[in-house]
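See below for the structure under consideration.
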Amino acid sequence: MRALSIPVALFLLAASGGCEPPALTDNGVIASFGGIGMGEGEFSYPRAITVDRNGHVYVVDKSARVQRFSAEGVYEIGWAMPEKTAGKPVGINFITDGRLFIADTHYHRVIVTDSGGVELARFGHKGYADGEFQLPTDVAVDAQGNIYVSEYNGNDRVTKWSSDFKFIKVICQGEVAGRPLLRPAALDIDDEQTLWVADACNHRVLRFDLEGKLLTAWGEMGRERGQMCYPYDITCMSDGTIMVCEYGNHRLQWFGRDGESRRVWGERGRQLGQLWAPWGATEGPDGLVYVVDSLNARVQIIRL
């Protein structure tokens, strides 16, 4: 196992003493883990992240590996996707029954595993028809077990599937609120059981009911607060805000459900507390934020 980074070591030391770890930057970073490489705990361009109910962190990178870490960033286990020649996954989501749903993007399917990487199921294949995928990007699951999958590369849609992996319907495709859906990159479902979509190439956020009725649409391209640039991930936070990970703006931004910007975190750079082309972010069960700092080959842990 590779040596712990100093930030992770400080995190563990503080945790063992029964107190919160100190912030390492003035914007709240308390730890980071990773580094460029193919070893355990290292990354080759990490691109998606999720956290399970026990705080374990799962990261998938461009080598088509999934690695599991403790909440503090200590490597625990890793495994390879079944195939990787054609391309690598860009989406991963843990659900409360203990399963991981992985958008195996370039193989036009979804792989379902347990928390240790044992494959439980797979569904989907390449195509443009109902029940087929073109480059799936993310997966979300509602309280009834229905599954939602986003796609791009000509399909540019979100589809709904039953808990036994049967196609149900298209939730959204084509023109939505005056613009055609264009690379829906990420999904999340809130406590009210509504579906949030990061419409990446339109630089906006969409919200639907679970039958596909549009409820909310907001956002435009830009670098000012309240604007977005390639939102690649979206998370419904426990405090009711919507966290958007902006690949193009190298930052996280939190919005109210009405689209009002509440907070911005990060800027382009290599230093701790800065980001470079982040692909994903998520909230842990303890309220900490984990962000995939992709071109810096690390995950930063933030206490807001």
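Given +1 on the Cβ of Lys and Arg, -1 on the Cβ of Asp and Glu, and no further charges, what dipole in debye does segment 186-275 carry about its Cα centre, rounded to the nearest 20?
The dipole magnitude comes to about 500 debye.
Relative to the longest principal axis of the chain, what angle (0 to 90°, nearest 10) does the C-alpha long axis of helix 6-16 take?
So the inclination is approximately 80 degrees.
In nm, give the distance between the simple-model label positions of residue 215 and residue 130, each being 7 Å from the Cα along the Cα-to-Cβ direction.
If labels sit at residue 215 and residue 130, their model points lie 2.5 nm apart.
With n ≥ 4 as the cut-off for DSSP H runs, can you work out [θ] at 222 nm for the chain, using -39500 (n - 2.57) per run divided by the number of residues, rounded to the nearest 500?
About -1000 deg cm²/dmol.
Return the ratio Rg/(2.2 N^0.38 Å) for segment 230-290, where Rg is computed over Cα atoms only.
1.06
Pull out a ≥ b ≥ c, the square roots of the eigenvalues of the alpha-carbon gyration tensor of segment 122-207, then state rounded if a/c is under 1.5, prolate if not and a/b is larger than b/c, and oblate in the remaining case.
Here segment 122-207 falls in the oblate category.
Need the list of aspartates and glutamates near residue 88 for cross-linking: C-alpha distance under 12 angstrom, and skip anything on the same chain fewer than eight residues off.
List returned: 61, 104.
Hey, of (1) -0.53, -1.17, -1.27; (2) -0.40, -1.27, -1.50; (3) -0.39, -1.15, -1.32, which did the structure itself give for log10 I(q)/I(0) by the Debye sum over Cα atoms at q = 0.09, 0.15, 0.16 Å⁻¹ when calculated?
Identified label for the calculated read-out: (3).
Residue 151: net charge of surrounding residues, Cβ under 10 Å, Lys/Arg +1, Asp/Glu -1, itself excluded?
-1
Starting from the amide H of residue 76, placed 1.01 Å from N in the peptide plane, find each other amide H under 5 Å away whose residue is 5 or more places distant or on another chain.
68, 69, 70
If you roll a 1.4 Å probe over the chain with all protein chains in place, what percent of the accessible area is carbon or sulfur?
C and S fraction of accessible area: 48 percent.
So for the pair residue 182, residue 142, with labels modelled 7 Å out along Cα→Cβ, what separation do we get in nm?
Reported label-point gap for residue 182 and residue 142 is 2.9 nm.
Can you compute the FRET efficiency between residue 304 and residue 96 using 1/(1 + (r/R0)^6), with r the Cβ-Cβ distance and R0 = 25 Å? Round to the nearest 0.05.
With R0 = 25 Å, the Cβ-Cβ based efficiency is 0.60.
Just add up the charged neighbours of residue 267: K/R +1, D/E -1, any other residue whose Cβ is under 15 Å from the Cβ of residue 267.
+2
For residue 270 and residue 192, what does the FRET efficiency come to when R0 = 30 Å and r is the distance between their Cβ atoms, rounded to the nearest 0.05?
That gives a FRET efficiency of 0.15.
So between residue 114 and residue 70, what do we pick up on full extension, going 0.36 nm a residue minus the alpha carbon distance?
Here the segment from residue 114 to residue 70 would lengthen by 14.2 nm.
Taking the highest mean first, how do the peptides 211-222, 235-246 order by number of other beta carbon atoms within 10 angstrom per residue?
Put in order of decreasing packing, that is 235-246, 211-222.
Quick one: which residues, 5+ away or cross-chain, put their amide H under 5 Å from the amide H of residue 36? H built at 1.01 Å from N.
Hits under the 5 Å cutoff: 43.
How large is the accessible surface per residue of the chain, computed with a 1.4 Å probe and reported in Å² as a whole number?
Accessible surface, normalised per residue, equals 40 Å².
Step through the table entries 126/169; 84/160; 84/126; 169/213; 62/84; 62/126, compare each Cα-Cα distance with 19 Å, and write down the pairs that go over it.
The answer is 84/160; 62/126.
List the relative contact order of segment 135-287 as a percent without decimals, with contacts defined as Cα pairs under 8 Å and 6+ residues apart.
RCO, segment 135-287: 13 percent.
Which whole-number value in Å³ per residue fits the convex hull of the alpha carbons of segment 105-158?
Expressed per residue, the convex hull around the Cα atoms of segment 105-158 is 84 Å³.
The values are calculated or read from the model by the stated rules, or taken from the named source; none is laboratory data. Everything quoted here is computed from the prediction, not taken from an experiment. All Cβ positions, glycine included, derive from the backbone under ideal geometry; neighbour counts span all protein chains shown. Please note that ligands, DNA and RNA were not included when accessible areas were found on the heavy atoms of the full protein model with its side chains. Shrake-Rupley method; radii C 1.70, N 1.55, O 1.52, S 1.80 Å.
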